[in-house]
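Next up is a structure, given as structure tokens.
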Amino acid sequence: MFPPPDPVSYYQAMTAVDVPRFVRADGPDKVTGSGRYAADLQQPGMLHAKFLYAGRTHARITRLNTEPARTIPGVLAVLTAADVPDVRYSPGVADRRLFATDVVRYESEIVAAVAATSVEAAEAAVAAIEVDYEPLEPVTELEAALADGSPLVHPDLDSYDIDDGIVAHGNTAGFSSIELGDAPAAMATAATVVSSCYVADSCHAAPIEPRAIVAQWEGEKLTVWSSTQVPFDARAGICQTLQLPTNRVRVIVPHLGGGFGGKCGFHFEAHIAALARAARRPVKLVFSRREEFMVPDRRREGMIVDITTGLDDNGHIVARTGWIAIDNGAYIADCAFFPQLAAMHVAGPYQVPNLQVEAHLVYTNHQPSGSVRAPTAPQACWALESHTDELAATIGMDPVEFRRLNGIDNDTVGPSGQHYERTGLQECITAATELVGYGRDLPEDEAIGVAIGWWPSFSMPAGAYVKIDDDGAGQIITGAQECGTGAVMTLRQLAADELGMDPEDFQLVYQDTSAGPYDTGATGSQTLFNNGRAVVGAARQVAEQLKALAAGQLEAAPADIVLADGVGSVVGSPGASVSIAELAATAAGGELLLGHGSGSPTQAPEVGATCVGDQGMAAWVSPQVSCHAVHIRLDPDTGVVRVLKVGAAHDSGRIINPMGALGQVHGGVIMGVGQALTEITVYDHDGHQLNPMLLEYKLQTAADGPEIEVKFIESAPGDGPGGAKGLAEAPNVATAAAIANGLARLIGHPVRHLPMTAERVWTELTGGIDSTDATKRQEA
Amino acid sequence: MAFTIATTVDEALERLADGARPVAGGTDLVVGARQGKVPLPHDLVAIDRVDELLTIGQDDHGARIGAGVTHDRLLSNPLIVGDYTALADGAALIGSPATRHVGTIGGNVMNGSPAMDTGAPLVVLGARIELRSATTTRLVDPLELWTGPGTTSARTDELCTACLLPALPARTGSAYVRLEFRRAMEIAVVGAAALVRLDESGSVLDLHIALTAVAPTIMAVEGTEVLMGRTVDDNLTDQVAALASEQASPISDLRAGDRYRRHTVGVMARRAVQAAAQRAQGTMIDVPVNRAIGIGAAR
Ligand SMILES: Cc1cc2nc3c(=O)[nH]c(=O)nc-3n(C[C@H](O)[C@H](O)[C@H](O)COP(=O)(O)OP(=O)(O)OC[C@H]3O[C@@H](n4cnc5c(N)ncnc54)[C@H](O)[C@@H]3O)c2cc1C
């Protein structure tokens, strides 16, 4: 009906940035349907896997009988804990096994797995397995879980393997604190002290592709196709739990249908590999939507945040204290660094000379939490930034002015005692507020809320090869993983820049642990930051080779050769040139054009703070900062909030691929709108999820998208290639907070419960009691 | 498992008499089965290619909408948008473009959900539902058709063949408004339809209100007679809101609590009456009302 919008002019209309045309390498496959996802794969003789889940949130298994399942026609393997090596795993705290042994700790804990010739036979077999349980008291409330005498989720925690630096005991899976100066003493001198409490519910990553895995053995060698964001982690998990050497296991990721962190970590690859070995056939697992919501150890953690800030007479922050409880769920997954990261977000990108923040990661009988895009940040930023508007209101200062005064700036020290030489925060505040016209008159049901946020760049090992074939076209072979961010696609641009070629001259070989060198995967906004370094290193080696070849042909010194526009030429005499294709053809008959790169990850800076339970999260490499200003309208009769426009200004260092970068900000903002208003995972009293479906778990749709205008502040270069920092998670940090601040202006006080659903907003407007409201709960 | 594709009503009725269940767009039946609500019936007859069910016709008595007419046809049909606007408002809110493209009015009516979006509009517009079996044809009042959540008084051998709408007098307008938390892929939290007929001076001659998702079935609001002869002002719409809130008997579930539903159904009723009155006066309000004014409007 409508002609498809030209992507370039579309983005130019949406943004203040100039956008060069750059088509993603995986774009055509995805939009034409020719791309294959893990669930599309078929192998001869392939079986179908189904899991038996506990169905109760805390119970002891008293009897388990799989015999009835084995007699069902078509069933070729039935596995329980007894059939796999007895290995406990998980980074930080080794607190789980592939299958439940004695106690089940959340409703989707896997008790048994079945492989059968049809999905129906596998389902029948799962239903036939007999299990008796003795109920145990579920732990579902954070404060109660931390209280003395609470039932314990892991009574034997002290006997588990726990990494150095992790403080775990009782129902605390991890405790971290950040302390700078003397917060209590400074607080006592403050002219104004404001305390706030906020509660955030948990929510989900909800990628559109439910996960799928295919495992196949050939002799002693295992190949696993998995919809994972982190194939090397998946490989490590398989090797650890099934006790296999790394070089016998290959993990390949076909096209990935979104992840948002939900597909980070090692999940079910080992279960499927074990089934395939037992059945001597390839085995496939495809999750239903319900399973995608309920089973993986990836859920955005619920959180309680108490913050107190003291100000001097001029409105400067003199001290801040904070207490955070994070719902870890039943197993730690990758949450070990969450407490310290949450503490950094409650401290915020402010100049806080005296800080004391404590964070508890709390075991409960909920589904385990795990990295979802910018873990801990949207909730903690929402709490801090709502609190910040309360501070400004208390002293009668404009909230934007308050942030200018107290926010970090060039050559200032932040709350963990880290010195920031350059930061774009102040420019972000100016840009975002200008984008939405902060300060202008609005109708009485409309308001603009502003929030600032930050996020580190994660410095990691990475590796890549670059080669140029006989026809002059290139290949980048990398361990990097794509989850939709486009970061891997942008690697082509980096190689092309080094070699004077066109990005589209390069093909990518990626998402295969046996092809590319190690990479951390599509996690921590790290791909371009680290793999970019590797690709630039590899491309530079090839550039040296090309220059030497060109120098020979053009009778010049290699140092005088420049590579540009597909040719090597002599500086100062552009007539003397030879095409890269010609050089490649020559090389093909001799020493091949082949480079490799890795490079050293940037070292973390020194910080002044004292950290208990230190996970390295108080010292940030290349910090990214942002400001979101959001124009909203409230329907006071129903509490429905509509986001009209978002101005998003980001310092993510130098932007290498503006179109990809804009996509990240747009996506992060939309996710933030959902977290702010509609996305909530609802539990019953015992910790069962009540809305594991897209009808009742309300993601934002395209029709809900606000106008989003983006500005990139590039004045504070990062340590990544060409001055880049990370980007994928930062846009998800400040949106919910900015919406909250707009809403608080309209209501007269903040809504202290995230998401700020229409019903909660209406309850606030009518002065009613929301029984789950934090302040009310504390009074009760 | 048997699956037949009927091409005539008679063929479909024969299959129903044999125990088959009809499937039109399948957006309730198949989706519900996949969610594990009710297993897929073993004997199905597809009715989406029965031409007789696909027409929208008009005569002096009013309009006849074939049961197989899809929501996207309803929301763009000039007769429905012009004369029976509340129905177009409702159809335009259903699911997504894909849902509206295959979901039918017959399926919506016969599925009998208390949250259905064509139900309240059909009630205020005075619709009659035509049910046919191999041997009988009857017209039923939709409020008598729906007997509870997901249940109807139709016999298993009866097919819904059409919805009949009476011709509407001049200066009549209708509207349907629902409370939704997002602008697509949503199910009514609550909703309200209104029909308003005004005389030349703007006084109310006729006013009907029906409510969505606040009772086991779509329900009509009673006691609107007291509003006759009055103008549609804040006083009147306050009274409308109060009537709707009082008569609703909402439940608490995942989507909303009962207190909130009881309050907001009044708000929806007020807005539906306001929009219907404006349309009765000849003011154009685009379909659906939800996007033009009120919840989620872009302004
Ligand atoms: C994603 C999604 C979003 C949705 N959003 C909405 C929404 O916003 N509002 C809303 O009201 N609904 C919504 N629905 C529900 C559904 O789309 C509608 O109710 C639709 O009108 C059903 O029509 P159908 O033709 O698909 O019915 P089917 O699924 O084919 O049938 C539904 C039931 O009616 C019976 N039936 C169908 N036709 C006849 C007939 N002619 N005579 C007798 N019995 C019949 C069937 O046997 C079955 O029991 C949504 C569904 C989905 C999947």
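The values are calculated or read from the model by the stated rules, or taken from the named source; none is laboratory data. Remember, predicted model here, so these are calculated numbers, not experimental data. Cβ placement follows ideal geometry from the backbone for every residue including glycine, while neighbour counts extend to all protein chains displayed.
Would you call B:VAL196 in a helix (DSSP H, G or I) and either more than 13 Å from the ligand (Cβ to nearest atom) or in contact with a strand residue (DSSP E or B) (Cβ under 7 Å, 6 or more places away or on another chain) (or both)?
Judged against the criteria, B:VAL196 is not a match.
If you check A:GLY667 against the conditions, is it in a helix (DSSP H, G or I) and touching a residue at least 40 places away in the same chain (Cβ under 8 Å)?
yes
Additional query: Among the residues in the range B:199-210, are any away from every other protein chain (no Cβ under 14 Å), touching an Asp or Glu at 6+ places or on another chain (Cβ under 7 Å) and not in a loop (DSSP other than H, G, I, E, B)?
Yes.
Name the residue that is surrounded by the fewest Cβ atoms within 10 Å (Cβ to Cβ), counting only residues in the range A:615-664 that are part of a loop (DSSP other than H, G, I, E, B) and of a type in the set (Val, Ile, Thr).
A:ILE655
Residues B:ALA134, B:ALA154, B:ALA167, B:ALA115: which one is more than 18 Å from B:ARG291 (Cβ to Cβ) and within 14 Å of another protein chain (Cβ to nearest Cβ)?
B:ALA115
Kindly state which helices (runs of 4 or more DSSP H) lie completely within the range B:1-94 and contain at least 2 residues that are near the ligand (Cβ under 9 Å from one of its atoms).
In the range B:1-94, the matching helices (runs of 4 or more DSSP H) lie at B:9-17, B:29-34, B:85-93.
Shifting gears a bit: Kindly indicate whether A:ILE468 is farther than 29 Å from A:LEU180 by Cβ and hydrophobic (A, V, I, L, M, F, W, C).
yes
Output the number of residues of the range A:210-249 satisfying the condition of being among the charged types (D, E, K, R) and crowded, with 18+ Cβ neighbours inside 10 Å.
3
Inspect all residues belonging to the range A:524-543 and state whether any of them is assigned to a loop (DSSP other than H, G, I, E, B), surrounded by 23 or more Cβ atoms within 10 Å (Cβ to Cβ), touching a residue at least 60 places away in the same chain (Cβ under 8 Å) and at positive phi.
yes
Tell me, please, whether a residue that is crowded, with 23+ Cβ neighbours inside 10 Å and within 30 Å of B:THR7 (Cβ to Cβ) can be found in the range B:163-185.
Among the residues of the range B:163-185, at least one is crowded, with 23+ Cβ neighbours inside 10 Å and within 30 Å of B:THR7 (Cβ to Cβ), which makes the answer yes.
Of all residues in the range A:682-712, count the ones that are part of a loop (DSSP other than H, G, I, E, B), facing chain B (nearest Cβ under 9 Å) and surrounded by 14 or more Cβ atoms within 10 Å (Cβ to Cβ).
Of the residues in the range A:682-712, 10 are part of a loop (DSSP other than H, G, I, E, B), facing chain B (nearest Cβ under 9 Å) and surrounded by 14 or more Cβ atoms within 10 Å (Cβ to Cβ).
Condition first: touching a residue at least 60 places away in the same chain (Cβ under 8 Å) and out of contact with any helix residue (DSSP H, G or I) (no Cβ under 6 Å at 6 or more places or on another chain). Now tell me which residues in the range B:70-84 satisfy that.
Hits for the range B:70-84 are B:ASP83, B:TYR84.
Given (1) more than 12 Å from the chain's Cα centre (by Cα); (2) crowded, with 24+ Cβ neighbours inside 10 Å, identify the lone condition not met by B:ARG73.
Failing condition for B:ARG73: (2).
Still on this structure, please answer the following. Somewhere in the range A:462-476, is a residue under 24 Å from A:LEU662 (Cβ atoms) and either of a type in the set (Asp, Glu) or buried (at least 19 other Cβ atoms within 10 Å of the Cβ) (or both)?
The answer is yes; a qualifying residue exists.
Moving to a separate point now. With the condition kept exactly as written, say whether any residue in the range A:166-189 is surrounded by fewer than 20 Cβ atoms within 10 Å (Cβ to Cβ), in a helix (DSSP H, G or I) and charged (D, E, K, R).
There is no residue in the range A:166-189 that is surrounded by fewer than 20 Cβ atoms within 10 Å (Cβ to Cβ), in a helix (DSSP H, G or I) and charged (D, E, K, R).
Looking at A:ALA116, A:ALA100, A:ALA25, A:ALA13, which is the one that is hydrophobic (A, V, I, L, M, F, W, C), in contact with a helix residue (DSSP H, G or I) (Cβ under 7 Å, 6 or more places away or on another chain) and at pLDDT below 95?
After ruling out the rest, the residue left standing is A:ALA25.
Okay, next question. Let me confirm something: among B:LEU139, B:LEU122, which residue is in a helix (DSSP H, G or I), away from every other protein chain (no Cβ under 14 Å) and more than 8 Å from the ligand (Cβ to nearest atom)?
After ruling out the rest, the residue left standing is B:LEU122.
Let me ask something additional. Here is a check on your reading of the model: is B:ASP117 in contact with a helix residue (DSSP H, G or I) (Cβ under 7 Å, 6 or more places away or on another chain) and more than 7 Å from the ligand (Cβ to nearest atom)?
When the stated conditions are applied, B:ASP117 does not pass them.
Of everything in the range B:177-193, what is facing another protein chain (nearest Cβ under 7 Å), more than 8 Å from the ligand (Cβ to nearest atom) and closer than 20 Å to B:MET219 by Cα? Give them in sequence order.
Within the range B:177-193, B:LEU179 is the sole residue that qualifies.
Only one of B:THR217, B:THR283 is surrounded by 15 or more Cβ atoms within 10 Å (Cβ to Cβ), in a loop (DSSP other than H, G, I, E, B) and away from chain A (no Cβ under 14 Å). Can you tell me which?
Residue meeting the stated conditions: B:THR217.
May I pose another question? For the range A:380-404, which positions are among the β-branched types (Val, Ile, Thr) and part of a helix (DSSP H, G or I)?
Once the filter is applied, which keeps residues that are among the β-branched types (Val, Ile, Thr) and part of a helix (DSSP H, G or I), the range A:380-404 yields A:THR388, A:THR394, A:VAL400.
Scan the range A:173-195 and give yes if some residue there is farther than 30 Å from A:ILE395 by Cα and free of Cβ contacts under 8 Å to residues at least 60 places away in the same chain, otherwise no.
No, the range A:173-195 contains no residue that is farther than 30 Å from A:ILE395 by Cα and free of Cβ contacts under 8 Å to residues at least 60 places away in the same chain.
Quick one: in the range B:95-107, of everything that is near the ligand (Cβ under 9 Å from one of its atoms) and without any contact (Cβ under 8 Å) to a residue 60 or more places away in the chain, which residue is farthest from B:ALA276 (Cα to Cα)?
Among those that are near the ligand (Cβ under 9 Å from one of its atoms) and without any contact (Cβ under 8 Å) to a residue 60 or more places away in the chain, it is B:ALA98.
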